[in-house]
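Read the structure below first, then the notes.
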Amino acid sequence: MAESYVGGLEVPDKVLGGFFDFVMPFFLKHCSSLLCPYDWVASETEVIAGGSKELMKIQYDRPQAMLNLMLGDSKFVYPKYSMGLWENGATTLEESQIHMIDDVIRKLGIQDGDHILDFGCGWGCVPNYILSKFPNVRFTGINLSHEQCEYMRRKMQDPESHLSSGRFTLVEGDLNEAHFDEKFDKILSIGVLCHIGNLTKTFKKLASFLKAEGRVFIHIITVRTPNNISSPFTHKYIFPHGRFWNHEAIPNCCQDLKLVQRWYLNGNNYRKTLTAWLNNFDKNQQAIKDLDYGMDYGRFRRIWRFYLIWFISIFASCDGEYNGNGQYLLVHA
Ligand SMILES: C[S@@+](CC[C@H](N)C(=O)[O-])C[C@H]1O[C@@H](n2cnc3c(N)ncnc32)[C@H](O)[C@@H]1O
């Protein structure tokens, strides 16, 4: 079905979304093993993040003008490619992302003077916002996406950006090879561990970066099914080697870190975020259609619309209680 849609099959959004709304609750509740199409989805892989260069090419190093318009890019809130928090009354995408970062600040207990590592820092949205709130916080961000790093380098030269405060250090590099000489007070990772294949090794690495009294905050898409899930469509077109970890995977893979507290954020927050992204994508067609996607734009558009429409439905399924986001606060074991 995905291949037919990508190939040009005309299906109204309502029919496509309605189909997903009908089948996804059934899959999630009664036969989630069918959403686990490869052996590597079911268990941890040898490497920390397999196929990271392919992931950058297929997903993250796409034309930034398109991603920035889709995700939202303002003077204060840079593109943020993870769930916004709507349940506290946010009415816009930007507001929902601010609420989300405020929630992280509170749960991680960020204090002025902290040195924080953002493990998979995107466009620097979270560091920029937190630096604006705390005059003595320092941030280090690591990201493999060259295009996203270029965005941050431009901000690091922009006097209006908090990334130019001298308190932000950017490392363009792979999480697989991440190494830091100094240790951090806090580590946060938002929307990144779906690209990680080995949580145990990742936590060992994070523990080695953390001060003795430090804290780690993981925010990640999770699914309350017995198994992790993925699909041939997402693996091929959207997130190569990506998966939604089962909600218990993080506590189960913790050896070098210990779980202190955990939260589940209802999937309807992601439904609303993805709906805003889809609306932005659609309303900016004129501005984005001539960018270089390495393929015919019509095909690219169908791939991305299929992804967004499907994901809206997955997160809305079962009233958001199966597929949402897990948040985990960890300290040294
Ligand atoms: C879904 S985005 C989330 C970004 C950011 N944390 C946010 O909330 O906006 C995932 C980020 O992880 C980065 N990433 C994924 N795999 C990586 C790897 N192997 N090494 C370094 N960065 C990686 C991507 O480039 C992207 O910036």
Handout entry: Local net charge near residue 326, Cβ-Cβ under 15 Å (Lys/Arg +1, Asp/Glu -1)
Key = +1
Problem - Per-residue Cβ neighbour rank within 10 angstrom, fewest leading, 161, 208 - result: 208, 161
Fill in the blank from the handout: Under the rule rounded for a/c under 1.5, else prolate if a/b exceeds b/c, else oblate, using alpha carbon gyration tensor axes a ≥ b ≥ c, region 141-263 is classed as oblate
Completion exercise
Rounded to the nearest 500, the 222 nm mean residue ellipticity computed for the chain from DSSP H runs (n ≥ 4, each -39500 (n - 2.57)) alone is -11500 deg cm²/dmol
Practice task
Based on other C-beta atoms within 10 Å, arrange 260, 223 from fewest to most.
Solution key: 260, 223
Completion exercise
Pseudo-spin-label distance residue 296 to residue 111, built 7 Å along Cα→Cβ, given in nm, is 6.0 nm
Completion exercise
The simple spin-label model distance between residue 160 and residue 319, using points 7 Å out along Cα→Cβ, in nm, is 4.4 nm
Problem - Alpha-carbon gyration tensor eigenvalues x 5, square-rooted, for region 26-95, Å - result: 30, 21, 11
Problem - Shape call, region 217-333: gyration tensor on alpha carbons, a/c limit 1.5 - result: prolate
Handout entry: Separation between Cα centres of region 201-268 and region 274-333, rounded to whole Å
Key = 19 Å
Exercise for the section: Enter the Cα centre distance for the pair region 145-169 and region 11-52, rounded to the nearest angstrom. Expected result: 36 Å
Problem - Centre separation in Å (Cα based) which lies between region 92-108 and region 109-138 - result: 13 Å
Problem - Relative contact order of the chain, pairs being alpha-carbon contacts under 8 Å that are 6 or more residues apart, as % - result: 25 percent
Practice task
Arrange 83, 66, 295 by Cβ neighbour counts within 10 Å, fewest through most, would you?
Solution key: 295, 66, 83
Fill in the blank from the handout: Gyration tensor on Cα atoms of region 37-190, a ≥ b ≥ c root eigenvalues, a/c under 1.5 rounded, else prolate if a/b beats b/c, else oblate, says rounded
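Where a number appears in this text, it was derived from the coordinates with a stated rule and is not lab data. All figures in this text were calculated on a predicted structure; none of them were measured in a lab. Neighbour counts run over all protein chains shown; Cβ positions are idealised from the backbone, glycine included.
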